[in-house]
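The values are calculated or read from the model by the stated rules, or taken from the named source; none is laboratory data. Computed from a predicted model, the values in this text were never measured in an experiment. Glycine gets a Cβ as well: all are built from the backbone with ideal geometry, and neighbour counts include every protein chain shown. Ligands, DNA and RNA are excluded from the accessible area calculation, which covers all protein heavy atoms including side chains. Shrake-Rupley method; radii C 1.70, N 1.55, O 1.52, S 1.80 Å.
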Amino acid sequence: MSGQLQAMFRRLALSPAHFVHQQRGDPELSVEDKISMALEVYARSPARFLERFSLHLTREDLPNFEALREDYQISFYLAQVESRLDAHANKKRIQNRRFEALRRLVRDGEYFADEEMEKRDPLLYEQMIGRYLAPSDCQQTSAEENTFSATLLRQIERRQVYDKCAAQRQVERDQMGEEEDTSEEEEEEEEEEEDCQEGGSGVPGEEKQRLRDEFVRIMHQRFLHGQDTEFDYR
C-alpha cells in the first residue's frame, strides 16, 4: 500500500467520519480499527468508499483516485469533492481579504470612527455609546463646525441618522409585536440631547468602556461577515 493511501486512511480515521453503528456501551473503535475498516471498503469498491467518506477527504487524497476517473460513479464523487474544496478555498480567500481590509480600515481610522459607525447603525450606537456620552463629547463636533456649509451638512447627516434610527426602532417594535409610538420620532432629537446632558453619570467608566469595546467588536464582525451593505467588498 502506498504512502498516500496510508495517509488518507489515517486522516479519515482521525476525522469525525462515521464507520459503524454502535450500541450504547460498545467499546469505542480505535484508530487502527477505523483504518482497517476504511481499507476494507476501499479494496472492495473505491466508488463505495467515496460514497461513504467523500465529505471527509482532502485535496491530498484526490491522487489516489486519478487512475479511476473514467468510472462514472468515481468521477461523480470526485467532482463533488473538488467542488466542496474549491468552495472552502474561495470562502477562505474571501475571509482573508476581508480581514486584511478590516486591518487597513482600522489603521486608517475613518471607516471605524464613531461618527461613521453611528451612521451605519444609529440605534445600536445610541444603546451602547451615545446615551453615556458626556456633554463635552456631544458638543465637540458642533464646536468644530464654524462654517455655514459645514453646519448645514452636519444637520443633514444628523437628520439621516435620526431617520434611520427611527426606522430601526420601528422594525424592533414590529418584531416585538408592540404598537407604534407616534410621538417617539418627534422626540428623538430631544432625547439625545437629554442623554448628553446626563452623560451616563450613573454608569461606571469601566462599564462604558466595556460597552464601547463590545460595540466596536460587533461592527468589526459585521464587516468580516459581509453585512456592511454600503461597502464594496469587491
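Miscellaneous remarks
- Test result for Ala89, at pLDDT below 95, surrounded by 15 or more Cβ atoms within 10 Å (Cβ to Cβ) and among the aliphatic types (A, V, I, L, M): no
- Output for the range 50-80, where each listed residue is closer than 17 Å to Gln4 by Cα, in a helix (DSSP H, G or I), open to solvent by less than 70 Å² (accessible area, probe 1.4 Å) and without any contact (Cβ under 8 Å) to a residue 60 or more places away in the chain: Leu50, Phe53, Ser54, His56, Asp61, Leu62, Pro63, Phe65, Leu68, Leu78
- Residue pairs whose Cβ atoms lie under 7 Å apart, sitting 6 or more positions apart in sequence or on different chains, and linking a residue in the range 5-26 that is of a type in the set (S, T, N, Q) to a partner that is part of a helix (DSSP H, G or I), are Ser15/His56.
- Leading residue by the ranking (nearest to His56 (Cα to Cα)) among those in the range 18-35 that are assigned to a loop (DSSP other than H, G, I, E, B) and open to solvent by 100 Å² or more (accessible area, probe 1.4 Å): His18
- Filtered residues of the range 95-113 (kept if assigned to a helix (DSSP H, G or I) and either hydroxyl-bearing (Ser, Thr, Tyr) or open to solvent by less than 50 Å² (accessible area, probe 1.4 Å) (or both)): Ala101, Leu102, Leu105
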